[in-house]
1. Taking the stretch 13-27 as the search range and keeping residues that are surrounded by fewer than 16 Cβ atoms within 10 Å (Cβ to Cβ) and over 12 Å from the mean Cα position of the chain (by Cα), which one is farthest from R58 (Cα to Cα)?
2. Based on what the data block shows, is A10 modelled with pLDDT of 95 or more and under 16 Å from the mean Cα position of the chain (by Cα)?
3. I'd like the residue in the stretch 30-50 that is among the small types (G, A, S) and either modelled with pLDDT of 95 or more or surrounded by 13 or more Cβ atoms within 10 Å (Cβ to Cβ) (or both) and, out of all such residues, is farthest from W61 (Cα to Cα).
4. Looking at (1) assigned to a helix (DSSP H, G or I); (2) of a type in the set (A, V, I, L, M, F, W, C); (3) without any contact (Cβ under 8 Å) to a residue 12 or more places away in the chain, which is the one condition that is false for I69?
5. Of the conditions (1) more than 29 Å from M1 (Cα to Cα); (2) aromatic (F, W, Y); (3) touching a residue at least 40 places away in the same chain (Cβ under 8 Å), W61 clears all except one; give me its number.
Amino acid sequence: MQCNIDSNGARMRLVWGIGACAAGVILGGLALWAGTWWLWLIAAGCVGAGGFAIFESRKKWCVLRAMGIKTSI
């Protein structure tokens with residue numbers, strides 16, 4: 001895993017990751033209150049995607065760029 005994004009890209013991924021994790025926690029609380037199983041799946045997906053974005057930010061590595069897909073930031 002070589003660095004393939006700059007500090008702007010890392011910052012954007014960090015912001016996106018924190019936002020996705022926060023949304024997952026809020027959805028988890030809503031799922032606990034509402035008692036729906038499918039909302040737990042969405043909450044887990046948000047937290048997982050957010051955690052991966054934070055990982056990408058810390059490593060300054062983007063999985064899409066590693067596969068050859070050009071990203072705008």
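1. Checking each candidate, the answer is I26.
2. In short, no.
3. Looking at residues that are among the small types (G, A, S) and either modelled with pLDDT of 95 or more or surrounded by 13 or more Cβ atoms within 10 Å (Cβ to Cβ) (or both), I get A31.
4. It fails just one condition, (1).
5. (1)
The values are calculated or read from the model by the stated rules, or taken from the named source; none is laboratory data. Note that the structure is a prediction, hence the values are computed from the model and not measured. Every residue, glycine as well, gets a Cβ built from its backbone with ideal geometry; the counts of neighbours run over all protein chains shown.
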